[in-house]
Amino acid sequence: MNHDAIPTLYQLFATTPKAMEGILANEIEALGGKNVQQKMAGVAFQGDLAMAYKACLWSRTTSRIPLLLSSFEVKSQQDLYDGIQCIDWSEHLNADDSLAVSFSSKNNPAINNTHFGAQKVKDAIVDQMRARFNERPRVDTERPSIRINVYLHNDTAQLSLDLSGESSHKRGYREIGIAAPIKENLAAAILLRAGWTKIAQQGGSLLDPMCGSGTLLVEGALIAGDIAPGLQRDYFGFLGWKQHNTALWQTVLDDAQQRREIGLSQLPVIVGFDQDRHTVAAALQHIENAGLSGKIHIEKRDIADASAAESWPKGLIVCNPPYGERLGDEEQAAVLYLQFGEALKRRFTGWQVAMIIGNPELGFRLGIRSQKPITLFNGALECKLLRFTIDEKSF
């Protein structure tokens, strides 16, 4: 008789900013997700608990990973309450645990107020627990034991448990007070789209000549070093979940730690320049927070003076230059792009370049022909990722 239980296959979803679904689908497949399907702003897939943990720890481009608990029809407020009560909540949390509920609704006339919807969901869970245990879970919006999400679209409600807990772009290395122009998962998407994984494997260098607070460089090091982006995080949504398997999670973590140690010993050259010394200081702080001190070189240098040392193998230049979207910035930005184009042509023959720009007009100022631009979104702003090789033929 076989006592080995067949592992539960969960219905999972990984959310991502618009236009990044393809990159995310590749990641989920590489991690071992089953029946991977691209959807709008996310990827649906199936996996066991180990796969769910890996997705939370390893996906570089996801925002959140909800685990689907049920979906049901909602034509009235009572339907919502009853649908939530169909779940045995004692399987997911203890009566003295905490919870948080997020609710969103689209095209449902019965419930269009998200605050009311969230309240109704919370009531259904709390009432069930109180009836059974004479005790009720409390609400904690910061770091609850479990985070419940209900998405109501037309007449269908999807009820899920948020395994991420907070958005996965928060890797834990960025200082709170520093406004950064791009989120970590967008930075990772830019690098993956630019072919950095392969360039790094071949020993190519990574240079960001306008590195700001260093997000692209840190993400570049994590990719090149086979380092899980979630390794620095101390909180995930599943840690307080009753079905959390501590031993299994520890195995997944240990594996990631081992891979990190091997990866750190063979990182390629990774360098950043910025003209602002405060920004340079912030970048160095982020590098230290990410456990990458001494692995990424940063210096204060103007864009016009960008050049590569003789000893650096040719590789990828990546940057997120200022977009010049504020009035009066446009002339400055135009001059900057002109200078950047000149520096590239003069000193970086044979390098690949990837840059994300908010204003495609500025791209022409570089004077270098690019491959077909890729659309990405920085928040709500539509941007273009330009990619080109620096050689005479493209000038």
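The values are calculated or read from the model by the stated rules, or taken from the named source; none is laboratory data. For clarity, every value in this text was computed on a predicted model and none was experimentally measured. Reconstructed Cβ throughout: ideal geometry from the backbone, glycine too, with neighbour counts over all protein chains shown.
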Legend entry - Scope region 114-123; condition modelled with pLDDT of 95 or more and either in contact with a strand residue (DSSP E or B) (Cβ under 6 Å, 6 or more places away or on another chain) or surrounded by fewer than 18 Cβ atoms within 10 Å (Cβ to Cβ) (or both); matching residues: 115, 116, 117, 118, 119, 121, 122, 123
Legend entry - Criterion: among the basic types (Lys, Arg) and within 30 Å of residue 373 (Cβ to Cβ) - qualifying residue of 106, 18, 34, 54: 18
Legend entry - Any chance residue 72 is aromatic (Phe, Trp, Tyr) and within 20 Å of residue 106 (Cα to Cα): yes
Legend entry - In region 24-41, the residues that are modelled with pLDDT of 95 or more and at positive phi: 32, 35
Inset, instruction - May I ask you to list the residues in region 184-207 that are touching a Gly at 6+ places or on another chain (Cβ under 7 Å) and closer than 15 Å to residue 19 by Cα? - result: 191
Legend entry - Options 71, 63; residue that is in contact with a His (Cβ under 8 Å, 6 or more places away or on another chain) and of a type outside the set (Asp, Glu): 63
Inset, instruction - Only strands (runs of 3 or more DSSP E) wholly contained in region 313-395 count here; list those with 3 or more residues that are crowded, with 16+ Cβ neighbours inside 10 Å, in contact with a strand residue (DSSP E or B) (Cβ under 6 Å, 6 or more places away or on another chain) and of a type in the set (A, V, I, L, M, F, W, C). - result: 316-319, 352-357, 381-389
Inset, instruction - Please state which one of 87, 111 is at pLDDT below 95, surrounded by 15 or more Cβ atoms within 10 Å (Cβ to Cβ), assigned by TED's automatic domain parsing to the domain that holds residue 157 and assigned to a loop (DSSP other than H, G, I, E, B). - result: 111
Inset, instruction - Could you please find all residues in region 44-68 being under 20 Å from residue 171 (Cβ atoms) and in a strand (DSSP E or B)? - result: 64, 66
